[in-house]
1. Out of all the residues in the stretch 113-132, is one or more part of a strand (DSSP E or B), at pLDDT 90 or above, under 18 Å from Val220 (Cα atoms) and not small (Gly, Ala, Ser)?
2. Being over 14 Å from Ser251 (Cα atoms), of a type in the set (A, V, I, L, M) and part of a strand (DSSP E or B) is the filter here, so list the residues in the stretch 182-201 that pass it.
3. Do we have Arg253 as at pLDDT 95 or above and surrounded by fewer than 22 Cβ atoms within 10 Å (Cβ to Cβ) here?
4. One residue is enough: does the stretch 59-74 have a residue meeting the conditions of a type in the set (A, V, I, L, M, F, W, C), without any contact (Cβ under 8 Å) to a residue 24 or more places away in the chain and surrounded by fewer than 23 Cβ atoms within 10 Å (Cβ to Cβ)?
5. Confirm whether Thr217 is at pLDDT 95 or above, crowded, with 19+ Cβ neighbours inside 10 Å and out of contact with any helix residue (DSSP H, G or I) (no Cβ under 7 Å at 6 or more places or on another chain).
6. Considering only the stretch 77-97, state which residues are of a type outside the set (Gly, Ala, Ser) and over 14 Å from the mean Cα position of the chain (by Cα).
7. Considering the stretch 192-211 alone, what residues qualify as being at positive phi and either out of contact with any Pro (no Cβ under 7 Å at 6 or more places or on another chain) or of a type in the set (D, E, K, R) (or both)?
8. Let me confirm something: among Pro186, Pro235, Pro205, which residue is surrounded by 21 or more Cβ atoms within 10 Å (Cβ to Cβ) and touching a residue at least 12 places away in the same chain (Cβ under 8 Å)?
Amino acid sequence: MLRRLLPLALALVAAPAALADGPPVVAGVDGVSAPGGKVRYLAVSAEGRTMVEQIQVAGVHVRRVTSLHGMWVVPGVALDGTAGGLSGDGGTLVLSRPPASAYQARSDFQVLRTRHLAPVQRVQLRGSFSYDALSPDGSRLYLIQHVQNPSLSRYVVRAYDLARRRLLPGRIADRTQRGWVMAGWPVTRATSADGRWVYTLYARPGGTPFVHALDTTRGVAHCVGIPWRSENQNPLWRLRMSVRDGGRTLSLRWRSGREYLAVARGTWRISHSAATSRPGSAFPWWILGVAGAGALLLFVLSRSGPARRAAIRSA
């Protein structure tokens, strides 16, 4: 039962922020899995402190624990519940501080080394930022900078050099499509096995849905427009992505397993495109009206370390 409630709580809490600003900043309460899936990292907050736990999935055994002052969460990267914060080599973990409002004046991140769960750096930035990705070796942090405007619907991707402790100038953008505006809702995400390529599917009502492909090693991006022929983009929420062919192909599939289309990395050519968009049920807008209930549920669950470990056991 708990396992079924957790994704609902995440959707209820993350969706309102994402609809305004882009990617969510509150992550899955199940934490984030290390490469190989044998270890997970959880952030459990209570009484003004956060316990960061390194858990061996087999047997749900807590291997390491560290305590941080304040409330920190494993960052979310898509509305389907995908969590982020861990580098491709598994050596660096980044936590974010939950925002107090849709647009915040300051953003905080905590960097830890997973070997001993030791905090090594605190990143504090002026402006509204949320986590996006990490380079495979954990040397570069990618962030979503939310641009303040009447609709709070636009954002840009920025890079932070963790070794030099500074936000790099400029933005990470598709240089071949200078007129492309970053806006929309992050539906789902897929990452290459080495953690270098990060792909995020964005729904963009009133515009073209797209996949944002980020090379976290070189710091370059490419936007791939999805040939969606219907004004109704609700069925996009039923798509999932995976990387195949040794990382050379990104596959977008329906939950049934049937492929909708494939994208060739490098050339960014689309193949196997369906003739028409697949009809599907509308996005459950009613959940936005009970976001407060979801937030309360997440608040309670965040204080229940044993219950979250039980959820991992049942996964």
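The values are calculated or read from the model by the stated rules, or taken from the named source; none is laboratory data. Note that this is a predicted model, so its numbers are computed, not measured. Positions of Cβ are backbone-derived with ideal geometry, glycine not excepted, and every protein chain shown enters the neighbour counts.
1. In the first step, residues of the stretch 113-132 are kept if they are part of a strand (DSSP E or B); the result is 113, 118-126, 129-132.
Imposing the further condition that a residue be at pLDDT 90 or above reduces the set to 113, 118-126, 129-132.
With the extra rule that they be under 18 Å from Val220 (Cα atoms), the set shrinks to 131-132.
If we keep only those that are not small (Gly, Ala, Ser) as well, we get 131-132.
Among the residues of the stretch 113-132, at least one is part of a strand (DSSP E or B), at pLDDT 90 or above, under 18 Å from Val220 (Cα atoms) and not small (Gly, Ala, Ser), which makes the answer yes.
2. Ala183, Val187
3. Details: at pLDDT 95 or above: yes; surrounded by fewer than 22 Cβ atoms within 10 Å (Cβ to Cβ): yes.
In short, yes.
4. Let us first name the residues in the stretch 59-74 that are of a type in the set (A, V, I, L, M, F, W, C), namely 60, 62, 65, 68, 71-74.
Then keep just the ones that are without any contact (Cβ under 8 Å) to a residue 24 or more places away in the chain; that gives none.
Scanning the stretch 59-74, I find no residue that is of a type in the set (A, V, I, L, M, F, W, C), without any contact (Cβ under 8 Å) to a residue 24 or more places away in the chain and surrounded by fewer than 23 Cβ atoms within 10 Å (Cβ to Cβ), so the answer is no.
5. no
6. Asp89, Thr92, Arg97
7. Correct list: Gly206 only.
8. Step by step, each of Pro186, Pro235, Pro205 is checked, and only Pro186 is surrounded by 21 or more Cβ atoms within 10 Å (Cβ to Cβ) and touching a residue at least 12 places away in the same chain (Cβ under 8 Å).
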